[in-house]
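To start, the structure under review is shown below, and the notes come after it.
Just so it is clear, none of the values below were taken in a lab; they were calculated from the coordinates. Not measured: the values here are computed from a predicted model. Ideal geometry is used to build each Cβ from the backbone, glycine not excepted, and the neighbour counts take in all protein chains shown.
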Amino acid sequence: MSTEDKSVDVSLVNGPVNYEEPPFYRQGGGENAFLGRTRHEESASHGILKLLRYEAKESMATKMLQQIAQEAMDRHQLLFVRIRHSVGEVPVGDASVLVQVIGIHRKETFEATAEIMDRLKKKVPIWKQEVWEVRRDLATLCSC
């Protein structure tokens, strides 16, 4: 596994994120993809959840996503890491986050995906606001 074979690809996306076909790696024996979607919710006081609205300190968020991806790549000996996160509005049923990893073995890809999501939720300056049928809730630090 040579250094030039490895790749990190992170970005913020306006609106929902979509699954993206990852690059092919001959040594890639394990590939894992996670899409985090806005789920349907109902509340007695707020009605039906319509969408999530995300805001970010974009330059800082992108830098932190890059750091999280690179550290996961190094720690788990991955070949490829992709992270996409939404800014703007994400309706129910659509995805706001995509994490894709490719490694030599499956175990490392599962561990890396969970670690990336945990770190993203705790560290990256992205805020989520729930927009309900009846009223909007206050913005909260992203728990994508």
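Per-residue ellipticity at 222 nm computed for the chain from its helices equals -8500 deg cm²/dmol, with DSSP H segments shorter than 4 residues left out and the rest contributing -39,500 (n - 2.57). For the residue pairs 50/121; 6/123; 57/107, the C-alpha atoms sit more than 31 angstrom apart in 57/107.
Note on the chain: the alpha carbon radius of gyration divided by the globular reference 2.2 N^0.38 Å gives 1.11.
Net charge in the neighbourhood of residue 17 (other residues with Cβ under 11 Å of its Cβ; Lys, Arg +1, Asp, Glu -1) is +1.
The H on the amide N of residue 29, modeled in the peptide plane, is under 5 Å from the matching H of 103, 104, 105, each at least 5 residues off or on a different chain. Karplus-based coupling profile of region 52-68, in residue order and whole Hz: 10, 10, 10, 10, 8, 7, 4, 5, 5, 4, 5, 4, 5, 4, 4, 5, 4, with θ = phi - 60° in 6.51 cos²θ - 1.76 cosθ + 1.60 and x standing for Gly or Pro. Principal-axis analysis of the Cα atoms of the chain puts helix 106-123 at an angle of about 40° to the longest axis. Extension gain, residue 122 to residue 105: 0.36 nm times the residue separation minus the Cα-Cα distance gives 3.4 nm. For the options 114, 33, 95, a Gaussian network treatment of the chain with springs between C-alpha atoms closer than 10 Å singles out 114 as fluctuating the most. Projecting the Cα positions of 96, 61, 7 onto the charge dipole of the chain (unit charges on Cβ atoms of Lys, Arg, Asp and Glu, taken about the Cα centre) puts 61 furthest along the positive direction. Residues whose amide H lies under 5 Å from that of residue 94, counting only those 5 or more places away or on a different chain, are 38; hydrogens are built 1.01 Å from N in the peptide plane. For region 2-69, the mean projected area of the C-alpha convex hull, equal to one quarter of the hull surface, is 7.0 nm². Across region 46-121, C-alpha contacts under 8 Å between residues 6 or more apart give a mean separation that, scaled by the residue count, equals a relative contact order of 33 percent.
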